[in-house]
Amino acid sequence: MQFDLSLDELAAYHYDEPEPADFDEFWRRTLDEAGRIPVAAEFAAHDALLRTVDTFDVTFAGYGGDPIKGWLILPADRSGPLPTIVEYIGYGGGRGEPIEWLAYASAGYAHFVMDTRGQGSTWRTGDTADPGA
């Protein structure tokens, strides 16, 4: 991974712009609202035509209850709980296709690749719309 600043610099970083007066209230209200929405995760087996992994098309309730999509990719030869890597795709990206995400599952990890709400399909395909746009 690459970072613009070291961990110590990130911990000490202060943004120059003043914090809006309602900043804390906005996040308190937003998190309270989010906590009242059931996650309602659905995992549908997806035949990606790959023998070494099992792929699930995941849908769950995100902000405002809007559906968020992701891939859960698991090693086909597994038993018991697995360490899990959750990967968030940067702005303009999407979850793409399962064949693009074989490395972690091939190494024995569960890998959850999450679409970014309303930001996909610029440089990689996404399946999560932005209903509020």
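The values are calculated or read from the model by the stated rules, or taken from the named source; none is laboratory data. In this text the structure is predicted, and so the values were computed from the model without any measurement. Using ideal geometry, Cβ is built from the backbone for each residue, glycine included, and neighbour counts are taken over all protein chains shown. All accessible areas refer to the heavy atoms of the entire protein, side chains included, with ligands and DNA or RNA removed. Shrake-Rupley method; radii C 1.70, N 1.55, O 1.52, S 1.80 Å.
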- When all protein chains stay in place, what accessible area (Å², nearest 10, 1.4 Å probe) is found for His14? 140
- Message: Just to be sure I understand the model, the point goes 7 Å from the Cα along the line to the Cβ. What's the resulting Asp66 to Glu100 distance in nm?
- Response: 2.0
- Query: What list of whole percents do you get for P(r) of the chain, with Cα-Cα distances grouped in 5 Å bins up to the one holding the largest distance?
  - Reply: 2, 9, 14, 16, 17, 16, 14, 8, 4, 2, 0
- Taking only C-alpha pairs under 8 Å that are 6+ residues apart, what is the relative contact order of the chain in percent? 19
- Is region 1-55 rounded, prolate or oblate when judged by the Cα gyration tensor, a ≥ b ≥ c being the square roots of its eigenvalues, rounded requiring a/c under 1.5 and prolate requiring a/b larger than b/c? oblate
- Regression test value, accessible area per residue of the chain, probe 1.4 Å, units Å², expected 71
- Go through Thr122, Thr84 and list them by solvent-accessible area, largest first, probe radius 1.4 Å. Thr122, Thr84
- Task: For the chain, find the longest principal axis of its Cα atoms and tell me its angle to the long axis of helix 23-35, 0 to 90°, nearest 10.
- Result: 30
- Message: On a full-extension model of 0.36 nm per residue, what is the gain between Leu49 and Thr30, subtracting their alpha-carbon distance, rounded to one decimal in nm?
- Response: 2.8 nm
- Message: Cβ neighbours within 10 Å, averaged per peptide: list 55-64, 22-31 in order, most packed at the top.
- Response: 55-64, 22-31
- Rounded to a whole number, what % of the accessible area of the chain do carbon and sulfur atoms account for, probe 1.4 Å? 55
